[in-house]
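Asker: This is the structure I want to talk about, given as structure tokens.
The values are calculated or read from the model by the stated rules, or taken from the named source; none is laboratory data. Please read these numbers as outputs of a predicted model, since none were measured by experiment. Cβ placement follows ideal geometry from the backbone for every residue including glycine, while neighbour counts extend to all protein chains displayed.
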Amino acid sequence: MRNTIAVMNTKGGVGKSTIVLAIAETLSAHHGKNVLVIDSDAQASVSAMLMATTSLRKLQGDGRTLVDYLVAAVLRDTQVEWTDFVVGGVSDVDDARSVYVMPSDMQLTLLEREVSKESLHGRLRASIGGLLSRARIVFDVVLIDCPPGLSVLTESWLREADFHLSPTKPDYISVCGLDVFSRFKQLNPEMGFAENLGVLVNMKDRQSAEDEDYHRWLAGNADNRCFQQVLPRVNALQQAARFQSEERSLGAKYPGEIGIALRGLTAEILDRLAAAEARRTANAASQVQPHEVKRPAERAAAGAPSRKAAATEGIDSVSGMANGTAPAARPGETGARAVKPA
Ligand SMILES: Nc1ncnc2c1ncn2[C@@H]1O[C@H](COP(=O)(O)OP(=O)(O)OP(=O)(O)O)[C@@H](O)[C@H]1O
Ligand SMILES: [Mg+2]
């Protein structure tokens, strides 16, 4: 299942980290999904939203962050177990027990500098691809919190993830950030790029005619695939960034309209992932090559039962392909529970 999502807008402060947090907690507590958050921002914002500062410092001190994983895999070219850098038991929402995080560290900036200096971009991208290919099987959804701008690391996530989701404020500068991102996507298409899962309008002020104009304009461009659900500017979402040592329910953390909006948004995300999977399966089915379909005479020679209707030709191969692309393991069976707790 394609389920890895880079949350990205080249513009800063549009709510990327806050949204990663809120989506992860709602997917876990409300939809019962196993969620991995990969913190790819040197500021470690989402890591700090998911745990106490002392716990984050300890993980950083113990070398259990995304940076430590990448230093080993990319700079030292050594084999490391990705799950050693994944931490469970995070989030202050009492019923969001299936949220996991690969925390970040300020040293990420230095790692990126080394990658560029030593021209290790290829190895970086391969490590990111390898990491996502394993995480994709274990977790229901993987969310990557990208920093603003377009670093070499962000480019790797965008080329290796299945989807990107772009939060934007309904204002001129944030929309320009989306435009830069879209131009970047059009460069070097042969190198691969994540598919647009959707643009999410965040921090919309219902009283503002200007916000409404920008929202309508964004939604009018089909390429944006704007989510129906909009996130309003509310105090509760601003407060959500502050990790509390006292656990609370999902409803207490995201009360009233923001809770309803987050449930609506996460349902839309799951629907879009399922629809993309269905499209992929259908495409795989339609791409069966003629030489893969044995003609009745060949079938008979091979001992297979003959079929009357030509229309049924190829069904065996098609279902074989579909089976071949199904997830190798169900989340939870081999998965997130096996990941080291904090
Ligand atoms: N819907 C919302 N309502 C009110 N405040 C919000 C909302 N979404 C985000 N915020 C606030 O906006 C600020 C920026 O959010 P956040 O840090 O998540 O943005 P970001 O895009 O990750 O920023 P950066 O680019 O620096 O990583 C924070 O103070 C956050 O609490
Ligand atoms: Mg952020």
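Asker: Does at least one position in the stretch 133-146 carry a residue that is on the phi < 0 side of the Ramachandran plot and touching a Gly at 6+ places or on another chain (Cβ under 6 Å)?
Answerer: yes
Asker: Looking at Val180, Val87, can you tell me which residue is assigned by TED's automatic domain parsing to the domain that holds Phe227 and at pLDDT below 95?
Answerer: So the residue among Val180, Val87 that is assigned by TED's automatic domain parsing to the domain that holds Phe227 and at pLDDT below 95 is Val180.
Asker: I've got another one for you. Quick one: which residue in Arg183, Arg206, Arg159, Arg225 is exposed (fewer than 11 other Cβ atoms within 10 Å of the Cβ) and touching a residue at least 24 places away in the same chain (Cβ under 8 Å)?
Answerer: The unique qualifying residue is Arg206.
Asker: Against the definition (away from ligand 2 (no atom under 16 Å from the Cβ), more than 15 Å from Ala161 (Cβ to Cβ) and touching a residue at least 12 places away in the same chain (Cβ under 8 Å)), how does Leu27 come out, yes or no?
Answerer: So Leu27 fits the description; yes.
Asker: Right, another one. May I ask you to say which residue of Arg242, Arg263, Arg272 is surrounded by 14 or more Cβ atoms within 10 Å (Cβ to Cβ) and more than 30 Å from Val152 (Cβ to Cβ)?
Answerer: On inspection, the qualifying residue turns out to be Arg263.
Asker: If you don't mind, there's one more thing I want to ask. Just to confirm my filter: which helices (runs of 4 or more DSSP H) fall fully inside the stretch 1-71 and include at least 1 residues that are more than 24 Å from Gly264 (Cβ to Cβ), within 12 Å of ligand 1 (Cβ to nearest atom) and in the same structural domain as Gly122 (by TED's automatic domain parsing)?
Answerer: 45-50
Asker: Among Val201, Val152, which is the only one that is hydrophobic (A, V, I, L, M, F, W, C), within 16 Å of ligand 1 (Cβ to nearest atom), touching a His at 6+ places or on another chain (Cβ under 9 Å) and free of Cβ contacts under 8 Å to residues at least 60 places away in the same chain?
Answerer: Unique residue meeting the criteria: Val201.
Asker: Just a yes or no: is a residue in the stretch 82-103 crowded, with 24+ Cβ neighbours inside 10 Å, aromatic (Phe, Trp, Tyr) and over 28 Å from Ile260 (Cβ atoms)?
Answerer: yes
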